[in-house]
Structures are given as structure tokens and as C-alpha cells.
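For reference, the structure discussed in these notes is given below.
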Amino acid sequence: MHPKVLLAAAVTVALAASALALSSLGPQARAQDGEKMVIGHNAGIYRTSGDVLDPEHADGRQEVSIDPDRYLREFNYGRVSALPDGRTLREFTIIADDRQTLEISPGVKYNAWTFNGTIPGPTIRATEGDLVRIHFINNGTMPHSMHFHGIHSAEMDGVFEQIAPGGRFTYEFTAEPYGLHLYHCHVPPLEEHISRGLYGVYIVDPKEPRKDADEMVMVMNGYDTDFDTENNFYTVNGIPFYYMHHPIQIEKDRPVRVYLVNVLEFDQINNFHLHGNLFYLYRTGTMPQPDEYTDMVTMSQGERSILEFTYKYPGNYMFHAHKTEFAEKGWTGIFLVKQ
């Protein structure tokens, strides 16, 4: 049993009703040699001499069709060249498809609509003032487009120019303003194109770089797998409970910067809560000073924020939606702070 799975299991509510033979202990109880202490989020303290599992949600797959670990810290800077005026040109190729079937949770197959084959789509990153050129290809069976948040001309907005199946279009605009943005398909019915996965993150860095930090992207989303316009799963970066079973490793005393985007469909709000710490919150990331110092942020669809924090103490710390339904249906994870 991978040790990360053991850590993840310690904080899931499902342990309270699991099939494991766990014995409840009082608050003064101590584990004997060879035993493991397990503390549930609201399930009390338990003792077991066996491996600790989350029997309801444990993910033992060796390969996943969506890779949240890779997505977390992967930034696509495009094919870089210099323009005659000295500016930087960044070129990207984005392919839309609506014919894929992805396993979004163990045994749960879903007809996903994707940019470049995954949910979320690639994180596009540029510096303020760069020329961004997107070579968009529609390999799907219905019209699609790309709409970027930020400043650009009307003909680059991706709303009225729907790209037919087999079609191509080139989006071109200057990266501005600096901050955290997103992109998504803007073809009606919009809720279906977004809920099935046609979205991604677009980061514009300021000309004067931000301070060094361990940077990562978190996209909050959900899946309506029975098509009743209510989500059955909630995730960060595409797989429910993934970061419970694969905790995100960070270093004690090293600054962390999270680019947090909410694209959740069908629910009015989503939120993020950090355990054992507070973060500086930069809404949309377009201003140099933080808006507040907190451990909780709530967003509607399309809102985004940059979170900056540093952990003083090593250990395992949860992060999750402070909407219980979302947390218990997959939107929860762990930071493993290493010495």
C-alpha cells in the first residue's frame, strides 16, 4: 500500500462507515507498537494494526486518462520566436474533440469534450505584451470555439465565429492585462460545452516577474454523469479525491503560489479552504497588492484568484471545498509539508 494512500485515508469521512475493523478510542488512547492512529475529519480517533484504506474512494489504478499530478505544475509557454519589432511571439496549437471517453473515477467512464485530449485543457502562459497566436483545430463532431478572458479585439473573442467540425481558426492577440485568466468554448448550449470539459487556464505574467515560489494550478470543476444538471462528482484538476490519495508535496518555509480557477457548472458557487494556515488572496491577480489575508475564498463560475502562502510546520494539511457536499463528492486533498 502506497504511503500516500494511507495519509489520504486518515481524513476521509467515509472511514466512519467503512468495512474496516476499527476500534474507537478515547482521546487519551495511544497506539501500540505496529499500530496506526487514524483521525477522521469528524469520525473520531481509531486504531488499527492493518493498512488504512478509504474503501469507498481508494484509487488503485496504475494509469489514469487524466493526470492531475502532471497538470498541477505544467505550464505551456508555446513555441517562442522574436517578432521584427522585438516582441516575443508565442504560438500554441489547441485541438478540440468531443468524441473521447475518459475514466474520471475508478470504473466511471465519461464522454468528455477536451482541449488537447485532457480535462482541464493545457495551461497557456505568456508575459504581458507578448503576441499570443493560437492555432485552433476542431476535430469534433459539432461546432466549437475558444473564448479567452482578458483584453483583445472583437474578432478574437470566440463567440460569434463558431468553428465547424474539421475547421481551423487562428486567434491572435496581445497578452494583457497581467493576471490569472481562463479560456473555454463559447458555443451554445454553453453549459454542456463547459460541463463536459472544454476549458483551461490562461496566465499572463507581469513584465517584472513575481517573487520565486512553488507554483501550481488548481481548476475547480465537476461532472454531471447522469445528465440531470446536478453534479455527481467534484474535483480539482479533473479526478475526484486524487490529491487525497496522492498528496501534493511542498517544502516547509518555501512560498507556494496557487493559481485557482473556478469553472464549476450547475452550482452557483464553489470555494477553497486551507487547513492550518492562511493565504494572501489576489483576486484575478491583476493588482500587485493582496486583497485580503484569509483561509477561505468563495467564487462564482469564471472567478479566479492567486493564493500565496508558506507553511511553518511540517505535516499533512487538508485543503477542500468548505461546501460539505462538494468535499464529500471528491473536492478534497492534502498538502504534505516536508521538512
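Using a Förster distance of 41 Å, how high is the FRET efficiency between Met142 and Asp212, based on the Cβ-Cβ distance and rounded to 0.05? Show your work: numbers first, answer last.
Working: r = 44 Å, r/R0 = 1.06.
My answer for the efficiency is 0.40.
In nm, to one decimal, how far is the modelled label at Lys109 from the one at Gln339, with both set 7 Å along Cα→Cβ?
Each label point lies 7 Å from its Cα, and together they span 4.8 nm.
Might you work out the accessible area of Glu215 for me, using a 1.4 Å probe with all protein chains in place, and round it to the nearest 10 Å²?
Answer for Glu215: close to 40 Å² accessible.
Within the range 206-248, report the trypsin sites (Lys or Arg not before Pro) that DSSP leaves as loop and that have at most 10 other Cβ atoms within 10 Å.
Lys207, Lys211
May I ask you to derive the FRET efficiency for Arg79 and Ser300 from their Cβ-Cβ distance with R0 = 41 Å, giving the value to the nearest 0.05?
Taking R0 as 41 Å, the efficiency between Arg79 and Ser300 is 0.75.
Among the chymotrypsin sites (Phe, Trp or Tyr not before Pro) within the range 222-275, which fall in a DSSP loop and have no more than 12 other Cβ atoms within 10 Å of their own Cβ?
Those that pass, being in a loop and sparsely packed, are Phe227.
Kindly report, to the nearest 10 Å², the accessible surface of His135 as traced by a 1.4 Å probe over protein heavy atoms only.
60
Rounded to the nearest 5, what is the percent of antiparallel bridges among the DSSP beta bridges in the range 192-271?
Counting DSSP beta bridges with both partners in the range 192-271, the antiparallel share is about 35 percent.
By a straight-distance test (C-alpha under 18 Å), which aspartates and glutamates pair with Lys329 as possible cross-link partners, with residues fewer than eight away in the same chain excluded?
Partners found: Asp54, Glu56, Asp59, Glu103, Asp224, Asp226, Asp228, Glu230, Glu265, Asp267.
Could you give the C-alpha radius of gyration of the range 100-259 expressed as a fraction of 2.2 N^0.38 Å, taking N as the number of residues it contains?
Normalised Cα radius of gyration, the range 100-259: 1.12.
By how many nm would the segment from Arg70 to Lys312 lengthen if fully extended, with 0.36 nm per residue of separation less the alpha-carbon distance? Walk me through the numbers before you get to the answer.
Values: separation 242, 0.36 × 242 = 87.12 nm, distance 2.61 nm.
Between Arg70 and Lys312, full extension yields an extra 84.5 nm.
Accessible area of the range 193-339 with a 1.4 Å probe: how many percent of it is carbon plus sulfur?
Roughly 47 percent of what the probe reaches on the range 193-339 is carbon or sulfur.
The values are calculated or read from the model by the stated rules, or taken from the named source; none is laboratory data. These numbers were taken from a predicted model, which means no experiment stands behind them. Glycine gets a Cβ as well: all are built from the backbone with ideal geometry, and neighbour counts include every protein chain shown. Just the protein is used for accessible areas: all its heavy atoms, side chains included, with ligands, DNA and RNA removed. Shrake-Rupley method; radii C 1.70, N 1.55, O 1.52, S 1.80 Å.
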